[in-house]
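Taking it in order: structure first as structure tokens, then the write-up.
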Amino acid sequence: MSEQKRRPEDGQREFADAAWSMPGYLLSGMFIWGGLGWLLSKWTGLIWFTPIGLVIGIVLAIYLVYVKYGRHPL
């Protein structure tokens, strides 16, 4: 069996995929955790759950981006 040769376009495609998925992680983290915080705020009447949910979502999204794209292979 022969191995497929790596084309120059593959590196550009990987970069484009990473460039689009990073903002996707950040936005989805804000929407999901911010939405949960907003629901808790509506349910309990305490308004500080929304900003806490947004911060948690952003922190977790940045962590996911770091784990997926930021570490160098050993």
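Among the residues making up the stretch 18-41, those that are out of contact with any Phe, Trp or Tyr (no Cβ under 9 Å at 6 or more places or on another chain) and over 19 Å from VAL59 (Cβ atoms) are ALA19, TRP20.
Going through (1) at pLDDT 95 or above; (2) open to solvent by less than 70 Å² (accessible area, probe 1.4 Å) one by one, SER28 falls short only on (1). If you go through the stretch 32-50 and pick out every residue that is part of a helix (DSSP H, G or I) and exposed (fewer than 13 other Cβ atoms within 10 Å of the Cβ), you end up with 3.
The values are calculated or read from the model by the stated rules, or taken from the named source; none is laboratory data. Just so we're clear, the structure is a prediction, and the values are computed from it rather than from any experiment. Cβ sites come from the backbone with ideal geometry, for glycine too, and all protein chains shown count toward neighbours. Ligands, DNA and RNA are excluded from the accessible area calculation, which covers all protein heavy atoms including side chains. Shrake-Rupley method; radii C 1.70, N 1.55, O 1.52, S 1.80 Å.
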